[in-house]
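Working notes, beginning with the structure itself.
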Amino acid sequence: MAVPIQKVLLTGFIHSMHSEEIVDDQFYQPEAIKDPACLYCWRRGCIISLSDLPNVDFSNLAALATEIEERSSCIGAEHVRLTCLDLMRACDQMQKQKYETFFFCQALSWTKNEFAHTRNKLQVLVQMERKIMRLEAKQQK
């Protein structure tokens with residue numbers, strides 16, 4: 001009896017992620033979830049960490065944002081994908097010596113927040129799926 005209840009809860013959680021636009025329709029594609037290249041970014045927590053704005057290598061940061069954007073896109077993490085696009089533009093402007101620091105800091109903050117929020121939701125999703133697998137294994141014994 002517990003497994004069906006957990007599956008309903010999991011389905012509801014996934015639907016809430018979709019209705020909150022944390023993920024888009026791509027998230028429902030089985031190949032998106034099973035592609036290790038897409039999930040690698042989320043597991044390793046590869047979001048940007050900056051200690052000091054003057055020491056930032058904007059080309060490396062833009063490359064990291066591109067990687068996160070691509071991997072976010074393949075699993076349907078739309079908010080993160082969009083924030084990465086803004087961050088890439090901000091890095092480009094900073095590299096061209098336009099120094100729109102406010103835009104850059106805003107884009108970086110937005111990316112970090114959306115990444116953390118989405119990663120937390122995905123971690124909850126994985127925990128729910130693992131709980132279902134444990135319950136199913138117990139039932140088969």
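The values are calculated or read from the model by the stated rules, or taken from the named source; none is laboratory data. From a predicted model like this one, the values you see are computed outputs, not experimental measurements. Here Cβ is always computed from backbone atoms with ideal geometry, including for glycine, and neighbour counts include all displayed protein chains. Ligands, DNA and RNA are excluded from the accessible area calculation, which covers all protein heavy atoms including side chains. Shrake-Rupley method; radii C 1.70, N 1.55, O 1.52, S 1.80 Å.
What residue, among those in region 54-83 that are open to solvent by 60 Å² or more (accessible area, probe 1.4 Å) and within 21 Å of T101 (Cα to Cα), is modelled with the lowest pLDDT? Among those that are open to solvent by 60 Å² or more (accessible area, probe 1.4 Å) and within 21 Å of T101 (Cα to Cα), it is P54. Among the conditions (1) closer than 30 Å to S16 by Cα; (2) open to solvent by 60 Å² or more (accessible area, probe 1.4 Å), the only one that T118 does not satisfy is (2). Comparison of Q97, Q139, Q127 shows that the only residue that is under 29 Å from L10 (Cβ atoms) and free of Cβ contacts under 8 Å to residues at least 12 places away in the same chain is Q127. Taking each residue of region 6-22 that is more than 22 Å from F115 (Cα to Cα) and looking for partners that are among the aliphatic types (A, V, I, L, M) and assigned to a helix (DSSP H, G or I) with beta-carbon atoms closer than 6 Å, six or more apart or interchain, yields Q6/I132.
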